[in-house]
Amino acid sequence: MHHRTLIKLLFVFAILTLAAAPSMAQQIQGDVRYAANSQPAFGILVHSSGTGGTSEQQTDRNGKFYFRVSPGHYTITVRVPGYKEEVRAVDMTEAQQSEYISFRLKDDGSGAKPTTGNAPDPNAVPAKAREEFDQGAAIINEGKKERMPEGIAHLEKAVSLYPTYLQAHLMLGTTYMDLQQWDKAEKALRRALEINPKAANAYFALGEVYLRQKKYDQAEKALLEGIAIEARSPQSHLTLARVYWERVSGVKDEAVWRPPLEKSYEEVKQALALDPNLAAAHLLKGNLLFKVRRAEDALHEFEEYLRLDPQGQLAEQTRALAERIRKALTQEKKP
């Protein structure tokens, strides 16, 4: 590609950064149980990726989970060491309020069962605390920002009644994240990790909290600790890739920016190996390839992002950049 054309494109490229998903009202919900005895699988990470973005939730004491989503296509994945991976595809229409799916974990014969650290017994939660949690969760899952304080009040009541209520602390943390109240989110997530140091999703959420505040060293540390516990979370690898990417955003010295970007590229490749339909990962991979002037490869990733999330937050900007790259490549091939 002609050098001058590439420089012009790099100015456009600078706008393509990953943003938070908007608040959503529809739900994908379900439950996870062990096939051998039908018992609820408590504290299991469930991953969602699709049109409205990506998210991970931990199952509650009844093995239940829920995601706020927008209309579109989603892939819901459950990966638990020692059990066969379970995947479901869900298509949410405009008229659909919710979709319910069930997972049954089947032993894979490896004997590699997960460890739970010092996670509390979910059955030990007092009835009143459970009632407060359920009320708070129901309000928060409506996705209405104006009702979030009411939902938070119920969750705060739940943890005052039962201070080691892991699920309530986790939901407080992610709800405060939705409201961009980073200090409160950090406090709730840190408390969750005091209760259960093996709560990988608390580390992952904490990494996002630090990333949003540009505390890159703390974000990297939290994410690596979570990945050491649960390495098969595509979202965590993508978030870590964003940490390395954003850490050197705007740096002009290639000797400085190249090593972090190489780390970012490895993490985004890992994210896509775990979930090839992770749209945001294709977008970041395109940015990384474009940064090192691999324009044709970058174009492929941008096109994949647009295929997977054609109405996404950054679809319009990405579509415009992809068209500029196509024109530049065509111009380059002319004799």
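Of all residues in segment 38-71, those that are closer than 23 Å to Glu142 by Cβ and open to solvent by 20 Å² or more (accessible area, probe 1.4 Å) total 13. Could you check how many residues of segment 128-174 are under 23 Å from Ser70 (Cα atoms) and open to solvent by less than 40 Å² (accessible area, probe 1.4 Å)? Summing the residues that are under 23 Å from Ser70 (Cα atoms) and open to solvent by less than 40 Å² (accessible area, probe 1.4 Å) in segment 128-174 gives 13.
Considering the conditions (1) open to solvent by 20 Å² or more (accessible area, probe 1.4 Å); (2) over 18 Å from the mean Cα position of the chain (by Cα), Leu261 is excluded by exactly one of them, (1). May I ask you to list the residues in segment 164-179 that are touching a residue at least 40 places away in the same chain (Cβ under 8 Å) and under 17 Å from the mean Cα position of the chain (by Cα)? Correct list: Leu170, Asp178.
Screening Leu283 against (1) in contact with a His (Cβ under 9 Å, 6 or more places away or on another chain); (2) closer than 26 Å to Val78 by Cα; (3) of a type outside the set (S, T, N, Q); (4) open to solvent by less than 50 Å² (accessible area, probe 1.4 Å) leaves a single unmet condition, (1).
So that you can scan it fast, the table gives a plain yes or no per residue for (1) touching a residue at least 60 places away in the same chain (Cβ under 8 Å); (2) part of a loop (DSSP other than H, G, I, E, B); (3) touching a Pro at 6+ places or on another chain (Cβ under 8 Å):
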| position | (1), (2), (3) |
| --- | --- |
| Trp257 | no, no, no |
| Leu261 | no, no, no |
| Ala271 | no, no, yes |
| Pro276 | no, yes, no |
| Ala280 | yes, no, no |
| Gln313 | yes, yes, yes |
| Leu321 | yes, no, no |
| Lys327 | no, no, no |
| Glu332 | yes, no, no |
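How about segment 181-238: which of its residues are of a type in the set (Asp, Glu) and under 12 Å from the mean Cα position of the chain (by Cα)? So that I can check it myself, show each step before the final result.
Step one: of segment 181-238, the residues of a type in the set (Asp, Glu) are 183, 186, 194, 208, 217, 220, 225, 230.
Glu208 - this is the single residue of segment 181-238 that is of a type in the set (Asp, Glu) and under 12 Å from the mean Cα position of the chain (by Cα).
For segment 300-328, residues that are open to solvent by less than 70 Å² (accessible area, probe 1.4 Å), in contact with a Leu (Cβ under 7 Å, 6 or more places away or on another chain), of a type outside the set (Val, Ile, Thr) and within 26 Å of Arg258 (Cα to Cα) total 8.
Filtering segment 290-303 to residues that are without any contact (Cβ under 8 Å) to a residue 24 or more places away in the chain and either assigned to a helix (DSSP H, G or I) or at positive phi (or both) leaves Asp297, His300, Glu301, Phe302, Glu303. Pairs meeting the criteria (first residue in segment 224-244 and of a type in the set (Val, Ile, Thr), second residue open to solvent by 30 Å² or more (accessible area, probe 1.4 Å), beta carbons under 6 Å, at least 6 apart or on different chains) are Ile229/Lys198; Val243/Tyr216; Val243/Glu220. The C-beta contact set for segment 33-48 (first residue farther than 13 Å from Arg79 by Cα, second residue surrounded by fewer than 18 Cβ atoms within 10 Å (Cβ to Cβ) and of a type in the set (Asp, Glu), distance under 8 angstrom, 6+ apart or interchain) comprises Ala35/Asp107; Ala36/Asp107.
Scanning segment 284-335 for residues being among the aliphatic types (A, V, I, L, M), modelled with pLDDT of 90 or more and farther than 21 Å from Pro234 by Cβ gives a total of 7. With respect to the conditions (1) within 30 Å of Leu193 (Cα to Cα); (2) of a type in the set (Gly, Ala, Ser); (3) open to solvent by 70 Å² or more (accessible area, probe 1.4 Å), Ser236 lacks only one, and its number is (3).
The values are calculated or read from the model by the stated rules, or taken from the named source; none is laboratory data. Here the structure is a predicted model, which is why all the values come from computation and not from measurement. In this analysis, Cβ positions are derived from the backbone assuming ideal geometry, glycine residues included, and neighbour counts consider all displayed protein chains. For accessibility, only protein heavy atoms count, side chains too; no ligands or nucleic acids. Shrake-Rupley method; radii C 1.70, N 1.55, O 1.52, S 1.80 Å.
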